[in-house]
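Please read the structure below before turning to the comments.
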Amino acid sequence: MRGRKDEWAAVLALLGGVTSATGSVMLVEGEPGTGKSLLLAEAASVATARGTAVASGRADELGRLTPLGPLLAALEESPTASMPLTRSAFPDGPGLLLWLAEQVRTSLERRLTSGPLLVVLDDLQWADPATVMALRTMPSRLASHPVAWLLACRDTPGRGEAGRLFDLLEEEGATRIALCPLDEGAVAEVSADILGAAPGEGLAALAAQAGGNPLLLAELLTGLREEDAILVEDGVARLAGITPAGAVLPLRLHTAVRRRLDELGTRTRYLLEALAVLGRSFTPAYAAEMLGETPAALLPPLEEALAAGVLVATRDELTFRHELVWRSIVDEVPSPVRRALREQVERAAGARGTLAARGGGTGGLVDLALLAWDEGGLSRGLDLAREAVERPARGRHRQPRAVLASMLIDLWLLDEAESATESAAEEADAEGEPAWAAEIPVLRARLALAAGRPGGAIEHGEAGLAAAGTLDAPLLASSALSVLGTASLRSGDLPGAIRYMERDLVRSAPGIPPCARLRSELAAGRISEARDGAAGGMSSLGGIYDALPRHIGALNGEPAAAAWLVRVAMAVDDRRRADAVVGAAEDIARRNPALPGPSASADHARGLREGDSEALGRAVAGHADPWARGSAAEDLGVLLGAGGGCRDLAVESLKTALACYGAVEAARDAARVRGRLRLLGERCRHWARTDHPVSGWASLTGTEQAVCDLVSQGLTNRHAAEQMFISEHTVAFHLRQVFRKLGIRSRVELARLAAEENGHRRPL
């Protein structure tokens, strides 16, 4: 019994004393799926092996009409088997129940004449009143016989009479054990048993969404294995090319969740589906406001969901007990229905003009803004965020100015974004809230990156990362690391970008919002593509492609994100995914006609997918972000230069790209474009004369330092040349210069010196 050592020891003690004629009783409780039935089955097997007779039965919801059904089933008797043959002797009404109980007691005593007996009864939350009445008295009446009772019931508010029975039996001396959720170590053990290998970090993060529930955990991992979504390499099990954010839950898990929901009434199931789309947690007043109901009308189905253990009540809210159950319910709602529900929420908010049910009005507006943003409703999300900023500040659970600044940065409305960021900083200082204050350096880092200052982005990003570490804030740390990795990549520091990416393991942690997680995955994918080519990028990006139907807001984090995803998909000949990205980008553009950015992004993606120079030309003109404009111009230049048909236009477009990349200090991208221009017979001077010492680290030029970084990471001259977009001979020349200036003769010495220098200069 993995993770149940103490509970199993108590069961073995019960079985060991069954022959002592003490009438022992053990009560087992736990939420659905915690392993009560498995524990009872194992106990029955051990008892049988030891020579103890076992009478095993269980209650069920439909069997409540049969008096004493679980006990009669355990004794393998029919309620009519021993009834008198004449009607005059046939008991009636309450007398029938007393007569049946007496027959059950007599049958038990008869069984006990043959030796000790273990009575095992499961799912007593559904027991009929006669069974509850019999179990209230029989253990004490048979206390002098060699019989042990092992009774199980759900630990949920809806156990009713069974809960009161357990309380009374415990007062009389029964042993009561609760099967709690598995701890982290037990989850790892169970996962290793199912998978045959230790779970990797991403898979462990996904398994954590089961909340320690053994049934959900087993159905998740078994289903993933059956659907070939798990790879085992070097004794470690990993998700096959996907991330926890984008992992498609297996059919086996959906079936288990659906079976659980089938126990509920139709109205309750429909309500849970609607509430799941709104989010994992909610207040009843908020749910009623959004669904156009009164709180009193929602009370019966909410109570049923609480009684079934699907929802749990915290101090302020109701929440879905398990993240996997919540995700499964959301996934099972068709996408058009999800969108219609969220649009209904927005209309309801506009019609009522208040969302005071959550956070004094402001918090609810921020929630709706983020929901709209997540679904690609950029204009609507921006409007709601602006309205939240103008609302009174009472009771907020988020800082609306920070949310507004984040959206403005994504839309490249930098003047307004800078003002909103500084206003958020002033407000955070005034409030004295550490979590708010820690967001500010990350916002400033994103702002600097959007404005073409990668050096400033790294400076502020490091400050945000330090603040996140102090507060133990994984979401903030993930945001900071994604900015740091992107800034390092653009400035040409690929090894540094890789180190940041490898640290950003928090992006797979539970609780990270989908858009934030996908933004981080996008940064990691770009770095993987730079290191390992399109195939490496695709292996890292499976989660983003798979999550697009649910969270098309993944494209909001960067104007050229859609085009880049299309480029990677086309490079590995995955046209289906390329088409999905184009469709998502065009959907965002259609829903936000007042914003120029989404239209340019859609033109860029379609131009790449269709080889359409006119669409790419519109993207060059429409992108406000210089880096995105440079990316579109580069793609246009490559298209025009293919086959040599439009060399002059290709050169002109590539020079435009070079100027755009240069304006935002994107050294790596500028180097790539210069390489393309050289292939067309154009050479562009890109160096500046500076005074250097003649030896030591300070004497190395920027190119020589880049060669050092790559070679010290173990790359060959050829691979380093591919990363720097120069020839292999040029790398060899620079490497000889490095050896001469540093006074060394081997790559081993270079790697050692580089590690020492990086540890001093750039601790990670």
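The values are calculated or read from the model by the stated rules, or taken from the named source; none is laboratory data. All figures in this text were calculated on a predicted structure; none of them were measured in a lab. Neighbour counts run over all protein chains shown; Cβ positions are idealised from the backbone, glycine included. Calculation scope for accessible area: heavy atoms of the full protein, side chains included, ligands and nucleic acids excluded. Shrake-Rupley method; radii C 1.70, N 1.55, O 1.52, S 1.80 Å.
Let's see how each residue does on (1) over 19 Å from L522 (Cα atoms); (2) open to solvent by 50 Å² or more (accessible area, probe 1.4 Å):
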{"position": "R577", "(1), (2)": "no, no"}
{"position": "A602", "(1), (2)": "no, no"}
{"position": "E610", "(1), (2)": "yes, yes"}
{"position": "L616", "(1), (2)": "yes, no"}
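For the stretch 408-449, the set of residues classified as closer than 15 Å to E558 by Cα and among the basic types (K, R) consists of R446 only. Remark: pairs (first residue in the stretch 694-714, over 15 Å from R531 (Cα atoms); second residue among the polar types (S, T, N, Q) and assigned to a helix (DSSP H, G or I); Cβ separation under 9 Å; 6+ apart in sequence or on different chains) = W697/Q705; L700/Q737; T701/Q737; T703/T730; E704/Q737. L636 meets the stated requirement of being more than 21 Å from D410 (Cβ to Cβ) and surrounded by 15 or more Cβ atoms within 10 Å (Cβ to Cβ). Taken as a whole, the stretch 385-406 holds no residue that is at pLDDT 85 or above, open to solvent by less than 30 Å² (accessible area, probe 1.4 Å), more than 28 Å from the chain's Cα centre (by Cα) and among the small types (G, A, S). With respect to the conditions (1) out of contact with any Lys or Arg (no Cβ under 9 Å at 6 or more places or on another chain); (2) under 30 Å from P495 (Cα atoms), R668 lacks only one, and its number is (1).
Scanning the stretch 101-119 for residues that are in a helix (DSSP H, G or I), open to solvent by less than 30 Å² (accessible area, probe 1.4 Å) and closer than 17 Å to V18 by Cβ turns up L108, L112. For the stretch 715-743, residues that are closer than 18 Å to D493 by Cα and in contact (Cβ under 8 Å) with a residue 24 or more places away in the chain total 8.
Scan A657, A602, A632, A578 and give me the residue that is within 31 Å of the chain's Cα centre (by Cα) and modelled with pLDDT of 90 or more. Let's see the steps before the verdict.
On the way: A657 fails: within 31 Å of the chain's Cα centre (by Cα); A632 fails: within 31 Å of the chain's Cα centre (by Cα); A578 fails: modelled with pLDDT of 90 or more.
Result: A602 is the single residue among A657, A602, A632, A578 that is within 31 Å of the chain's Cα centre (by Cα) and modelled with pLDDT of 90 or more.
Those residues that are closer than 20 Å to F166 by Cα and among the hydrophobic types (A, V, I, L, M, F, W, C), I need them from the stretch 19-37; list them, please. Break it down stepwise before answering.
First pass over the stretch 19-37, keeping only residues closer than 20 Å to F166 by Cα: 22-37.
Answer for the stretch 19-37, where residues must be closer than 20 Å to F166 by Cα and among the hydrophobic types (A, V, I, L, M, F, W, C): V25, M26, L27, V28.
Beta carbons closer than 7 Å, at least 6 apart along the sequence or on distinct chains, never pair a first residue in the stretch 199-223 that is aromatic (F, W, Y) with a second that is assigned to a helix (DSSP H, G or I). For the stretch 414-438, taking the residues that are charged (D, E, K, R) and at pLDDT 85 or above, the one that is farthest from L475 (Cα to Cα) is identified as E416.
Condition check ((1) under 26 Å from L449 (Cα atoms); (2) open to solvent by less than 50 Å² (accessible area, probe 1.4 Å); (3) not in a helix (DSSP H, G or I)) across all residues:
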site	(1), (2), (3)
V582	yes, yes, no
R590	no, no, no
A605	yes, yes, no
A624	yes, no, yes
V651	no, yes, no
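Of everything in the stretch 668-682, what is of a type outside the set (K, R) and crowded, with 19+ Cβ neighbours inside 10 Å? Give them in sequence order. First the steps, then the outcome.
Initial filter on the stretch 668-682 (of a type outside the set (K, R)): 669-671, 673, 675, 677, 679-682.
The answer is D669, A670, A671, V673, L677.
Mind telling me which of the residues A288, A313, A308 ends up being more than 22 Å from V257 (Cα to Cα), among the aliphatic types (A, V, I, L, M) and at pLDDT 80 or above? First the steps, then the outcome.
On the way: A313 fails: more than 22 Å from V257 (Cα to Cα); A308 fails: more than 22 Å from V257 (Cα to Cα).
Of the residues listed, the single one that is more than 22 Å from V257 (Cα to Cα), among the aliphatic types (A, V, I, L, M) and at pLDDT 80 or above is A288.
Restricting attention to the stretch 120-162, the residues being out of contact with any helix residue (DSSP H, G or I) (no Cβ under 8 Å at 6 or more places or on another chain), under 23 Å from L306 (Cβ atoms) and assigned to a helix (DSSP H, G or I) number 0.
Suppose we filter the stretch 133-162 for residues that are surrounded by 18 or more Cβ atoms within 10 Å (Cβ to Cβ) and closer than 30 Å to R321 by Cβ; how many remain? Break it down into steps so the answer makes sense when it comes.
Of the stretch 133-162, the ones surrounded by 18 or more Cβ atoms within 10 Å (Cβ to Cβ) are 133-135, 138-139, 142, 146-156, 159, 162.
Keeping just the survivors that are closer than 30 Å to R321 by Cβ gives 135, 149-156, 159, 162.
Count: 11.
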